[in-house]
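Trainee: Once you've had a glance at the structure underneath, I'll fire off some questions.
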Amino acid sequence: MAVVKARPNRKTIITDAANFPTDRYILQGIAQQFGMKLLVIDNETDGSFERITPEKLAPYLNDDVALVTFEVIQYRSGARNPIKEITDLARKHGALVVWDASHSAGSIRMDFDANEIDLAVGCTYKYGNSGPGAPAWMYVNKRVQNELQVAIQGWFAQKNQFAMGPTFERADGIRGFQIATPPMLGVQCIKVAFSMLAEAGIDAIEKKAALGTSYMIDLFDQWLAPLGMTLKTPRDPRHRGGHVSIAHPDAAQICVGLREISHVIPDFRAPDAIRLAVSPLQTSFEEIWEGFSRIRDLVASKKYQEISNKDLRVT
Ligand SMILES: Cc1ncc(COP(=O)(O)O)c(C=O)c1O
């Protein structure tokens, strides 16, 4: 909303069909509220594993575009988008780019400052290991911090917060993006978890994510492809992050079976994806082997078809 308000004469927002539902729904709401056009790039049917490239984005850009927003790593396919190239391209047309880094924070190097990223948001409970409900975060490049303003003017963004004055006077810089008291227990979890990530180092973490996902793909080729399963994630490790998605027409039921029979906890993602992640700090290569052998055995035996539990909601 801050971006859209900072570009009042522009009436177009761009996103992609594979973006996370919350992101798409929020954009639909903003477009409706501000009388804007929401352009949705189709990256679900073009065989790209949902990957967005500058070439794919270019035809949609013009001087009416205020905001472009994608995920760094696609939540379903695991495809990784080139954040610098896309941001640079959108900037040439005067648009700002917001990256959803929920699946990339803590799994790959992003270098927001060096790559001159405009804005990014994300959660801390995936590769951040800070626990469900731990607070989200936002990154705003210093270049645009004073140009943008969040819609809610809370006392944490007030220049002299404890003066309790009659009118809102926005603090400069990133403090102007705060709203209210942060949840301190969650913040403590973040402090501990991210200090462990920092100690391991993001380059070592990214390397393990690439090796772990390569190993998963090798096991997929040997064991799961012959069972009629298909890979929905790019094979080039530079084009993915810490998870892979494997498709099967019975994916939803297989996920329940994995949980209840095989004691493997995957994610099911509609319509047909089984999402499997390496959390580089904890997941060992032996666990990857063990998990994949259990998937193979369950799918080969078709035992998942006997499950009476029809609750197909998985994580
Ligand atoms: C890419 C992405 N964006 C946004 C969200 C929404 O996160 P939250 O439920 O913390 O708002 C998720 C949740 O999984 C996600 O994967």
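Trainee: Rolling a 1.4 angstrom probe over the protein heavy atoms, how many square angstrom per residue are accessible across the chain?
Mentor: 49 Å²
Trainee: Pull up all non-local amide H partners of Glu71: gap of 5 or more, or a different chain, and H-to-H distance under 5 Å with H placed in the peptide plane.
Mentor: Distant-sequence amide H within range of Glu71: Asp100.
Trainee: Stokes-Einstein diffusion coefficient for the chain at 4 °C in a medium of 1.567 mPa s, Rh from the Kirkwood formula over Cα pairs: what value in µm²/s?
Mentor: Rounded, D is 61 µm²/s.
Trainee: For the stretch 1-92, give the percent of accessible area contributed by carbon and sulfur heavy atoms, probe 1.4 Å, rounded to a whole number.
Mentor: Numbers: 2150 of 4050 Å².
Taking all protein chains in place, the stretch 1-92 shows 53 percent carbon and sulfur surface.
Trainee: Calculate how steeply helix 285-301 sits against the longest principal axis of the alpha-carbon atoms of the chain, using the helix alpha-carbon long axis, and give the answer as 0 to 90 degrees to the nearest 10.
Mentor: Rounded to the nearest ten degrees, it is 60.
Trainee: Another question, if that's okay. What's the angle, to the nearest 10 degrees (0 to 90), between helix 202-219's Cα axis and the longest principal axis of the chain?
Mentor: So the helix axis and the longest Cα principal axis differ by about 30 degrees.
Trainee: Can you divide the C-alpha Rg of the stretch 202-306 by 2.2 N^0.38 Å and report the result to two decimal places?
Mentor: Numbers: Rg = 13.1 Å, N = 105, 2.2 N^0.38 = 12.9 Å.
That ratio works out to 1.01.
Trainee: Of the beta bridges DSSP finds with both residues in the chain, what % are antiparallel, to the nearest 5? Show your work: numbers first, answer last.
Mentor: On the way: 17 of 33 bridges.
Counting only bridges with both partners in the chain, antiparallel ones make up about 50 percent.
Trainee: Further, regarding this structure: Counting other C-beta atoms within 10 Å, and keeping those with at most 14, which DSSP coil trypsin sites (Lys or Arg not before Pro) do you find in the stretch 206-271?
Mentor: Arg235
Trainee: Could you tell me how many degrees, from 0 to 90 and to the nearest 10, lie between the Cα long axis of helix 21-34 and the main elongation axis, the longest principal axis, of the Cα atoms of the chain?
Mentor: Taking Cα atoms only, the helix is inclined about 30 degrees.
The values are calculated or read from the model by the stated rules, or taken from the named source; none is laboratory data. Predicted, not measured: the structure shown is a model, and the values here were computed from it. Glycine gets a Cβ as well: all are built from the backbone with ideal geometry, and neighbour counts include every protein chain shown. The accessibility values were calculated without ligands, DNA or RNA, using every heavy atom of the protein model including side chains. Shrake-Rupley method; radii C 1.70, N 1.55, O 1.52, S 1.80 Å.
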